[in-house]
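What follows is a single structure, written as structure tokens, with notes after it.
The values are calculated or read from the model by the stated rules, or taken from the named source; none is laboratory data. Because the structure is predicted, anything quoted here is derived from the model rather than measured. Don't worry about glycine lacking a Cβ; one is built from the backbone with ideal geometry, like all the others, and counts go over all protein chains shown. The area values use the complete protein model at the heavy-atom level, side chains included, leaving out ligands, DNA and RNA. Shrake-Rupley method; radii C 1.70, N 1.55, O 1.52, S 1.80 Å.
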Amino acid sequence: MSTIIIDTYLCNGCATCVAMCPDVFRLDQTTEKAELIQPEPELTDDVYQAAAFCPEKCIEIREE
Ligand code: SF4
């Protein structure tokens, strides 16, 4: 099983992940931090790219 964890404390709301992967990430309307649209999204290359390009390095992908 794979899980994506977003450290919302570190997230700066830049929306890079949303731009790169709009099917997986969105910004919470209240906190303006990134959140997952669905709890267990498919781990496509775009997800790994978004994690790599996150300026705060706060997207963690755990493969178990
Ligand atoms: S790219 Fe990183 S810092 Fe920017 S909104 Fe997404 S999780 Fe937050």
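Keeping all protein chains in position, work out how much accessible area ILE37 exposes to a 1.4 Å probe, and write it in Å² to the nearest 10.
60 Å²
Under a 1.4 angstrom probe, counting protein chains only, how are GLU60, GLU40 ranked by accessible area, largest first?
GLU40, GLU60
Within 10 Å of each candidate Cβ there may be at most 11 other Cβ atoms; applying that plus a DSSP loop requirement, which trypsin sites (Lys or Arg not before Pro) in the range 29-64 survive?
LYS57
Quick check: residue separation of ASP23 and THR44 times 0.36 nm, minus the Cα distance between them. What number comes out in nm?
6.5 nm
Could you grab the relative contact order for the chain? Cα pairs under 8 Å, six or more apart, rounded to a whole percent.
After rounding, I find 47 percent.
Could you give the accessible area per residue of the chain, probe 1.4 Å, as a whole number in Å²?
Per residue, the chain has an accessible area of 68 Å².
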